[in-house]
1. Suppose we keep only residues that are at pLDDT below 95 and among the hydrophobic types (A, V, I, L, M, F, W, C) within the stretch 277-315. Which one would you say is farthest from Arg4 (Cα to Cα)?
2. Given the criterion loosely packed, with under 15 Cβ neighbours inside 10 Å, of a type in the set (S, T, N, Q), touching an Asp or Glu at 6+ places or on another chain (Cβ under 7 Å) and more than 18 Å from Gly212 (Cα to Cα), identify the matching residue among Ser307, Ser300.
3. Looking at Lys80, Lys105 in this structure, which one is at pLDDT 95 or above, closer than 21 Å to Thr22 by Cα and out of contact with any strand residue (DSSP E or B) (no Cβ under 8 Å at 6 or more places or on another chain)?
4. Do you know which of the residues in the stretch 161-175 that are of a type outside the set (A, V, I, L, M, F, W, C) and buried (at least 16 other Cβ atoms within 10 Å of the Cβ) is farthest from the chain's Cα centre (by Cα)?
5. Tell me, which residue of the stretch 83-102 that is among the charged types (D, E, K, R) and either at pLDDT 95 or above or crowded, with 22+ Cβ neighbours inside 10 Å (or both) is nearest to the chain's Cα centre (by Cα)?
6. Does Arg109 fit the bill of being of a type outside the set (Val, Ile, Thr), touching a Gly at 6+ places or on another chain (Cβ under 6 Å), farther than 19 Å from Leu11 by Cβ and crowded, with 17+ Cβ neighbours inside 10 Å?
7. Please list, ordered by first then second residue, the pairs with beta carbon atoms under 6 Å, 6 or more apart or interchain, first in the stretch 75-94 and in contact (Cβ under 8 Å) with a residue 40 or more places away in the chain, second among the aromatic types (Phe, Trp, Tyr).
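The values are calculated or read from the model by the stated rules, or taken from the named source; none is laboratory data. If you're wondering where the values come from, they're calculated on a predicted model, not measured in any experiment. Don't worry about glycine lacking a Cβ; one is built from the backbone with ideal geometry, like all the others, and counts go over all protein chains shown.
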Amino acid sequence: MEMRRAGSSGLTVSRLGLGTMTWGRDTDEHEAADQCRAFLDAGGNFLDTAAMYADGDSERVIGGLIGALFRREDVVIATKGGVTFPDGIKTINNSRGALINDLEKSLQRLGTDYVDLWQIHTWDPHNPLDDTLSALDFAYTSGKARYVGISNFSGWQSARAITVQQSVASRAPIATSQNEYSLVNRNIEREVLPCMKELDVGLLAWSPLGRGVLTAKYRHGIPSDSRAASAHLTNFVQPYLDDRSAGIVEAVCVAAEGLGYSPLEVALAWVRDAPGVTSAIVGARTGAQLRGILASEEISLPAIVRSALDDVSQP
């Protein structure tokens, strides 16, 4: 699998990353190990998780694989802090104290002394940005995070955070930004992607398959075993079960049929090779699903097909 450098940093990750949002909840330890093995065998090296995923169980599952399935130094482990769900209520707290506490707990669950990439999960309008960024500085200078990043920041939020860190040599440089990007959601092209290119920061694209919609599984209804049928993920998928997204899915299906690929392969290749993208983060419920996703590594889209998909999915 092709390796790519994240912006001007020294962080190098595979152009596909393995997302672990369902690990420890919908995906048990055995299935997670099967997925991880398939991903590593395909040449991937980038595992993405977060403190909030399955209330920390995603990190615990990854921690159980270190040593048993791979050497710590061979895999890039990324996690995020700042979001918790006390009593089932989503809470964002990017204060220095809360973030450092999240980092320490993540390291305990992962069973490692450091993470390769530690990210602020989302913007917090209620805490001073300097207080938030000081937590990144602590993680970086202490060696508990080899690189640091941001996630789900808007264009102006990203520019502000990145330039603050770049302006002082002693501060932790922001290596990556993780944002949603797919044929059904190209919103980051307005401000975020130009910001990343201008400031030379790597872009990690999450949900490149449009939360599963671009696999065409919802083309004729909602399968009973799909995320949209799941009580805790139905609201996650619902925004893309609309007429606009359906039209894009049809275009992807036409392209896939003409090329002899699956809709999944076409949609993923479009994001993976989009200008400015360092890595596209994919997730799967089973090892078999993941192997199907990894098959996209063997394809590239002809320029005329990419152009047609650009036109039909224009924001």
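1. Applying the filter and picking the extreme gives Ala288.
2. Only one candidate passes the filter, namely Ser300.
3. Details: Lys80 fails: out of contact with any strand residue (DSSP E or B) (no Cβ under 8 Å at 6 or more places or on another chain).
Exactly one residue qualifies, and that residue is Lys105.
4. Let us first name the residues in the stretch 161-175 that are of a type outside the set (A, V, I, L, M, F, W, C), namely 163, 165-167, 170-171, 173.
Those still in the list that are buried (at least 16 other Cβ atoms within 10 Å of the Cβ) too: 165, 171, 173.
Values: Gln165: 22, Arg171: 25, Pro173: 20 Å.
Once the filter is applied, the top-ranked residue is Arg171.
5. Residues of the stretch 83-102 among the charged types (D, E, K, R): 87, 90, 96, 102.
Among the residues that remain, those that are also either at pLDDT 95 or above or crowded, with 22+ Cβ neighbours inside 10 Å (or both) are: 96, 102.
Working: Arg96: 23, Asp102: 19 Å.
Step by step, filter the stretch 83-102, then rank; the result is Asp102.
6. Numbers: of a type outside the set (Val, Ile, Thr): yes; touching a Gly at 6+ places or on another chain (Cβ under 6 Å): yes; farther than 19 Å from Leu11 by Cβ: yes; crowded, with 17+ Cβ neighbours inside 10 Å: yes.
Spelling it out, Arg109 is indeed of a type outside the set (Val, Ile, Thr), touching a Gly at 6+ places or on another chain (Cβ under 6 Å), farther than 19 Å from Leu11 by Cβ and crowded, with 17+ Cβ neighbours inside 10 Å.
7. Val76/Phe46
Yes/no per residue for (1) crowded, with 18+ Cβ neighbours inside 10 Å; (2) touching a residue at least 40 places away in the same chain (Cβ under 8 Å); (3) out of contact with any strand residue (DSSP E or B) (no Cβ under 7 Å at 6 or more places or on another chain):
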| residue | (1), (2), (3) |
| --- | --- |
| Leu117 | yes, yes, no |
| Trp123 | yes, no, yes |
| His126 | no, no, yes |
| Asp130 | no, no, yes |
| Leu133 | yes, no, yes |
| Leu136 | yes, no, no |
| Gly143 | no, no, yes |
| Ser154 | no, no, yes |
